[in-house]
Amino acid sequence: MMRRKEARAGFLFALPWLFGLVAFMFYPLLMSLYYSFCDYSALRSPVWVGGDNYVELFHDEVFWTCVKNTLIYACVSLPLSMVVAIGLAMLLNTNVKGMTVYRTIFFIPSLVPMVSLAMLWLWILNGDYGVLNTALGAIGIKGPNWLSDVAWTKPALILMSVWGVGNAMLIYLASLQDVPTSLLEASELDGANAWQKTRNVTLPMISPVIQFNMVMGIIGSLQVFAIPFVMFPGGTPARSTYFYATYLYDSAFTYSRMGYASAMGWILFVVILLLTLVALKLSNRHVHYGGV
Amino acid sequence: MKRKTFETSVTHVALVTLSCLFIFPFLWLLDTAVKPISETMKQPPVWIPSKFEFGNFWEAINYGSDKVGYIPFLVYAENTVMLAMLVVTGTVVSNAIVAYSFARVRWWGRDLIFAVTLATMMVPFPVMMVPTFTIFKYLGWIGTYRPLWVPAWFGSAFSIFLLRQFFKTIPFELSEAAKIDGAGEWTIFRSIILPLSKPALSVVALFAFMGTWNDFMGPLIYLLRQETFTLSLGLEFYHSKAGGTQWNLLMAATSIVILPVLVVFFFCQRQFIKGISITGIK
């Protein structure tokens, strides 16, 4: 009797989420699968067209440009950000004075609204008065046209993403602080130098967190949207900054091709699932769940 | 011992250099924001303004109030604050209740649904964008704030996860004792769990606030009329409208958008960092 009463209460408490899960997760997920097989504009109801959207996507040059752009961005920005985040976290984990100040400074960029970051960087990278190129000029490097040269727009975005590693850095820092000092001391006694300690003790100990951040990074970087959308309207120049999520958004709301956009959404979803599985599988060998 | 001091000084130098690189864009932002317009367009740049134009902030807020291209900055601010309040309240209330159920009440299917809940964190938003839009269109909510705050009242996977982890650390003996005294689940939740969970609840509130303040895609999709825009969306408008961009005013406007986030962060640093480190714990 008691148990049943408890179960009923538990179910009632969970009810808002159960509703939310169905209304804002399962239903949209299924409907978007259905829409992806439909010709569906905002004005008309969906009409079943079978696999047409997918076939069209396959032949859509813009789609492949976006895929390429997104993959390039993700493949460079993700590993680079991971290295920088781990590096910063390790520097902070050394008991230096003023650690909280440094931590705050590194974290701030990932705290502020993306749109403001976009504005700020438009100004810093500005072709005529950009301060970055002035700084580069001071050390004898002629800075490129970050915002208008096809070859340099993606590096500009990658640079910005590296600047915003604060979130991941904090997660690494927290896990570094949990690495038992006894292990580090033991390896020191065995004559390990700083690099050997990092390679053989620290990194294996924080490997589950590295794996977690990697998966989150894959999911996040494939969906990059706000910053390129604001900084490079329409993916200019020459679609070099047109990303997957931007094209998806444009398909749905600019060209009112909701079915087409849904097909893109499902492709992204499946790709993310597969990549995550592969990443987990490949990295599992290196992940060490230590007995802490 | 010599080697140790050497290592520490290397670390210090590295930290100082990197900090300068990380903080510089913000200093440049503030620097530009207080410059007279003529000094923003000089090559080489003017590092220290000849005159500190604090009036730029005021001008940025009132940009074009006498012109056609008027940007109602204060209206945006008001909209954003109102929206954030609705989202924060909804997030805290709903997720606390739901997480209590997942953490401390036994019911059939609970752990399975919790696993599903965690898995949903992997679903990319773009895949659900169209159907979600369709739902709100069907309800006639496009152009209103409802699509942006109503879902917050039905819980979110991340907040449920965070609160559940915390609720689980509260000793179960407390609940048992209350039950013997005849208290129901709601009473236990209200008078035992909630008062003990203020730190975790404030983390969730904080993330909800930041999320709303920073959100760009949501308002972009659902808000139609300029007077309903939020700051994030309005700032973009500011950029495209202030033709022949007046960088000093744009940077002043940008600083004003960033400021509340920084203030909140400085006051709640500890909760923040705690919350983020919880994310990494599987």
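Okay, residues lined up against (1) closer than 30 Å to B:Y138 by Cα; (2) modelled with pLDDT of 95 or more:
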position	(1), (2)
A:A9	no, no
A:C38	yes, yes
A:W48	yes, yes
A:I86	no, yes
A:N93	no, no
- Item | Single condition B:D31 does not satisfy, out of (1) surrounded by fewer than 19 Cβ atoms within 10 Å (Cβ to Cβ); (2) within 10 Å of chain A (Cβ to nearest Cβ) | (1)
- Query: Of all helices (runs of 4 or more DSSP H) completely enclosed by the stretch A:31-145, which ones contain at least 1 residues that are among the basic types (K, R)?
  - Reply: A:61-92, A:99-107
- Query: Across the stretch A:24-44, which residue is surrounded by the fewest Cβ atoms within 10 Å (Cβ to Cβ) among those that are under 26 Å from the mean Cα position of the chain (by Cα) and not aromatic (F, W, Y)?
  - Reply: A:L30
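Given the criterion among the acidic types (D, E) and within 12 Å of chain A (Cβ to nearest Cβ), identify the matching residue among B:E185, B:E227.
None of the others qualify; the one that does is B:E185.
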- Among residues belonging to the stretch A:108-120 that are more than 7 Å from chain B (Cβ to nearest Cβ) and surrounded by 22 or more Cβ atoms within 10 Å (Cβ to Cβ), point out the one that is nearest to A:W163 (Cα to Cα). A:L117
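Out of A:L18, A:L33, report the one residue that is touching a helix residue (DSSP H, G or I) at 6+ places or on another chain (Cβ under 8 Å) and closer than 30 Å to B:R104 by Cβ. I'd like the intermediate steps shown before the answer.
Numbers: A:L33 fails: closer than 30 Å to B:R104 by Cβ.
The unique qualifying residue is A:L18.
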- Message: For the stretch A:254-283, give me each residue that is touching a residue at least 24 places away in the same chain (Cβ under 8 Å), assigned to a helix (DSSP H, G or I) and either over 15 Å from B:V127 (Cβ atoms) or in contact with a Cys (Cβ under 7 Å, 6 or more places away or on another chain) (or both).
- Response: A:G259, A:A279, A:L280, A:S283
- Of all residues in the stretch B:57-86, which are within 14 Å of chain A (Cβ to nearest Cβ), of a type outside the set (F, W, Y) and surrounded by 20 or more Cβ atoms within 10 Å (Cβ to Cβ)? B:A60, B:I71, B:T80, B:L83, B:A84
- Query: Of all the helices (runs of 4 or more DSSP H) wholly in the stretch A:154-217, which have at least 2 residues that are under 16 Å from the mean Cα position of the chain (by Cα)?
  - Reply: A:166-176
- Message: Go through (1) more than 10 Å from chain B (Cβ to nearest Cβ); (2) of a type in the set (A, V, I, L, M); (3) touching a helix residue (DSSP H, G or I) at 6+ places or on another chain (Cβ under 7 Å) for A:L203 and report which single condition fails.
- Response: (3)
- Message: Can you tell me which of (1) within 10 Å of chain B (Cβ to nearest Cβ); (2) closer than 20 Å to A:Q223 by Cα; (3) charged (D, E, K, R) is the one A:D178 doesn't meet?
- Response: (2)
- Query: What number of residues within the stretch A:67-93 satisfy the criterion of being more than 14 Å from chain B (Cβ to nearest Cβ), buried (at least 20 other Cβ atoms within 10 Å of the Cβ), out of contact with any Phe, Trp or Tyr (no Cβ under 9 Å at 6 or more places or on another chain) and within 18 Å of A:L248 (Cα to Cα)?
  - Reply: 0
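Can you name the helices (runs of 4 or more DSSP H) wholly within the stretch B:180-234 that have at least 2 residues being modelled with pLDDT under 90? Working first, answer last.
Numbers: elements: B:185-188, B:198-214, B:217-222.
Filter on the stretch B:180-234 gives B:198-214.
Scan the stretch A:223-254 for residues that are among the aliphatic types (A, V, I, L, M), more than 7 Å from every other protein chain (Cβ to nearest Cβ) and either under 15 Å from A:W121 (Cβ atoms) or buried (at least 20 other Cβ atoms within 10 Å of the Cβ) (or both) and jot them down. It would help to see each step written out before you state the result.
Within the stretch A:223-254, the first condition is being among the aliphatic types (A, V, I, L, M), and the residues that meet it are A:224, A:226-227, A:230-231, A:238, A:245, A:248, A:252.
With more than 7 Å from every other protein chain (Cβ to nearest Cβ) added as a condition, the list becomes A:224, A:227, A:231, A:238.
Matches in the stretch A:223-254: A:V224, A:I227, A:M231.
Collect the residues in the stretch B:140-156 that are away from chain A (no Cβ under 11 Å) and part of a loop (DSSP other than H, G, I, E, B), keeping them in residue-number order.
Going through the stretch B:140-156, the residues away from chain A (no Cβ under 11 Å) turn out to be B:140-141, B:143-146, B:148-149.
Result: B:G140, B:W141, B:G143, B:T144, B:Y145.
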- Single unsatisfied condition, A:Y73 versus (1) aromatic (F, W, Y); (2) without any contact (Cβ under 8 Å) to a residue 60 or more places away in the chain; (3) under 30 Å from A:L173 (Cβ atoms): (2)
- Message: Can you tell me which residue is farthest from B:T169 (Cα to Cα) among those in the stretch B:48-62 that are touching a Pro at 6+ places or on another chain (Cβ under 9 Å) and not charged (D, E, K, R)?
- Response: B:S50
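The values are calculated or read from the model by the stated rules, or taken from the named source; none is laboratory data. The structure presented is a predicted model; accordingly, all values stated were derived computationally and were not measured. Neighbour counts are summed over all protein chains in view; Cβ atoms, including those assigned to glycine, are modelled from backbone coordinates with ideal geometry.
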